[in-house]
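Contents: one structure, followed by commentary.
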Amino acid sequence: MSEPSNRRPPMLDFDAAKEQLLSFAAPPVITEDLPLLKAHGRVLAKGVTSPMDVPAFANSSMDGYAICPVDHTASSLNLTVTQRIAAGSQGTQLLPGQAARIFTGAPVPPGTYAVVPQEVVEVNGDQITIVQAVKAGDHVRAQGEDICVGTEIIAPGKKLKPADLALAASVGVTHVTTYKPLTVAILLTGDELVEPGNPLGPGQIYNSNRYWLQSLLTEIGCNVLDPGIVRDTPEDTRAALHDASQQADVIITCGGVSVGEEDHVRAAVASMGRIDLWQIAMKPGKPLAYGKANHADFIGLPGNPVSAFVTFVLMGLPFLQVRMGLPIATPIPRMLTADFDWPKADRRREFIRVKQKTDGQGSVRLERWPNQGSGVMSSVAWADGLVDIAAGQTIARGDAVPYLSFRDILDPVK
């Protein structure tokens, strides 16, 4: 295959690039049947349908008395207690003028008109008196009022949370069909990179990208392969990419996708597959790439930590969510007040790191980290979100600006 040209292509519009990137994301097809206790965090491939009504039988919602009055319109009801029904037991038919002592969750006996709370019942031996109005069905949970048999209670594409597992268990389901987790290989390139704990040589920096990227991938439910730092040679780069492509569904690299003489990743990917997407009109994060390395999807992130983080959460993460079987869900920005000026417009769409604060009047305003450089990881650790600034736009203090919280970006499918 031909080597890619180092001539810079026109930058792609951010929205157009994201749409194009998502068009390459193939939903998963391999599934696994798992017991409920092993399914937390997995993406449901087949919807869960209830095989039963919930409740399975009409039951009392509180401790009290199930009654069958002779005349339910009478101002005072006098009834004889003929039975006692606890949860897990079954009562017998109530006749007019009879009542049953009943407890929460116990099935109401045939003939029940309503359940009356014990707090409003006067008891004298086996006789009870009720002096307040009672309506038919009071404090009775009807069969199927929560879930009817045949109802889909969890839809496919749901990332299973503890409440989902409890819901499945409540209808007697023991196993669910989930997608096999996505395997993602991360390759960190650069002779300047050193792992924390080792001394730095001249011109070297600590490898911070590994730590946020591996943590985020694990958090969203991916299996992560991490063979270590890849040295800046064409041979090492091609070998690492080839090995990763044999084991992973997706390969993510940091660095090596620009046009420098030591940027070997893009050429190596093109030699074993193709490059479909490169150079996005966004700041930070212009040199984002997508392609195929053999059969594996390839996403090339910039090497600068902030650029890599921002491009991943805005572009790479939605791609992975589709590959995992999750529905596409774009977080909706909130319009909040800027407590800063941004006087210099850029021809690219900008995403600046900000943090919410509450002023003396209780209004939420956004402050920005003073240094918005692409290598300033402290800005990401400090921030709780991004302000989305359109190309050519400036901001004055007091303007309403679109704010995307990291919480909503990282978990758009609630």
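The values are calculated or read from the model by the stated rules, or taken from the named source; none is laboratory data. It should be emphasised that the depicted structure is a prediction, and the values quoted were computed from it without experimental measurement. Note: ideal-geometry Cβ built from the backbone for every residue, glycine included; neighbour counts use all protein chains shown. We work out accessible area using only protein heavy atoms, side chains counted, and drop any ligands, DNA or RNA first. Shrake-Rupley method; radii C 1.70, N 1.55, O 1.52, S 1.80 Å.
Residues that are at pLDDT 95 or above, under 30 Å from H175 (Cα atoms) and of a type in the set (V, I, T) do occur in the stretch 92-107, at least one of them. Within the stretch 52-94, the set of residues being touching a Lys or Arg at 6+ places or on another chain (Cβ under 8 Å), small (G, A, S) and in a loop (DSSP other than H, G, I, E, B) comprises A58, S61.
Test of understanding: among T174, T112, T189, which residue is in contact with an Asp or Glu (Cβ under 9 Å, 6 or more places away or on another chain) and among the hydroxyl-bearing types (S, T, Y)? Break it down into steps so the answer makes sense when it comes.
Working: T174 fails: in contact with an Asp or Glu (Cβ under 9 Å, 6 or more places away or on another chain); T112 fails: in contact with an Asp or Glu (Cβ under 9 Å, 6 or more places away or on another chain).
Every option except T189 fails the conditions.
Checking R266, R274, R323 one by one, the residue that is of a type in the set (K, R), within 24 Å of A26 (Cβ to Cβ) and outside any helix (DSSP H, G or I) is R274 and no other. So, in the stretch 340-363, how many residues would count as being at pLDDT 95 or above, more than 29 Å from I299 (Cα to Cα) and open to solvent by less than 50 Å² (accessible area, probe 1.4 Å)? Total satisfying the criteria: 2.
In the stretch 123-170, what count of residues is obtained for those that are of a type in the set (D, E) and either in a loop (DSSP other than H, G, I, E, B) or modelled with pLDDT under 95 (or both)? Spell out how you get there, then give the answer.
Just the residues of the stretch 123-170 that are of a type in the set (D, E), to begin with: 126, 138, 145-146, 152, 164.
Now restrict to residues that are either in a loop (DSSP other than H, G, I, E, B) or modelled with pLDDT under 95 (or both): 126, 138, 145-146.
Count: 4.
Taking M324, is it surrounded by fewer than 18 Cβ atoms within 10 Å (Cβ to Cβ) and touching a strand residue (DSSP E or B) at 6+ places or on another chain (Cβ under 7 Å)? For M324, the condition - surrounded by fewer than 18 Cβ atoms within 10 Å (Cβ to Cβ) and touching a strand residue (DSSP E or B) at 6+ places or on another chain (Cβ under 7 Å) - is not met.
Suppose we keep only residues that are under 49 Å from the mean Cα position of the chain (by Cα) and among the charged types (D, E, K, R) within the stretch 62-118. Which one would you say is most open to solvent (accessible area, probe 1.4 Å)? Don't jump to the end; show me each part of the working.
Initial filter on the stretch 62-118 (under 49 Å from the mean Cα position of the chain (by Cα)): 62-67, 84-92, 100-118.
Then keep just the ones that are among the charged types (D, E, K, R); that gives 63, 84, 101.
Details: D63: 56, R84: 166, R101: 52 Å².
This residue is R84.
Every listed requirement among (1) surrounded by 14 or more Cβ atoms within 10 Å (Cβ to Cβ); (2) in a strand (DSSP E or B) is met by Q372 save one, (2). Hey, does the stretch 204-223 have a residue that's of a type outside the set (D, E, K, R), out of contact with any strand residue (DSSP E or B) (no Cβ under 8 Å at 6 or more places or on another chain), over 21 Å from A45 (Cβ atoms) and outside any helix (DSSP H, G or I)? Checked the stretch 204-223: at least one residue is of a type outside the set (D, E, K, R), out of contact with any strand residue (DSSP E or B) (no Cβ under 8 Å at 6 or more places or on another chain), over 21 Å from A45 (Cβ atoms) and outside any helix (DSSP H, G or I). A search for C-beta distances below 6 Å between a residue of the stretch 105-125 that is within 13 Å of T92 (Cβ to Cβ) and free of Cβ contacts under 8 Å to residues at least 40 places away in the same chain and any residue that is open to solvent by 20 Å² or more (accessible area, probe 1.4 Å) and assigned to a loop (DSSP other than H, G, I, E, B), counting only pairs 6+ apart in sequence or on different chains, returns P110/Q93.
Out of A390, A308, I need the residue that is under 27 Å from P181 (Cα atoms), in contact with a strand residue (DSSP E or B) (Cβ under 8 Å, 6 or more places away or on another chain) and not polar (S, T, N, Q). Which one?
On the way: A390 fails: under 27 Å from P181 (Cα atoms).
Of the residues listed, the single one that is under 27 Å from P181 (Cα atoms), in contact with a strand residue (DSSP E or B) (Cβ under 8 Å, 6 or more places away or on another chain) and not polar (S, T, N, Q) is A308.
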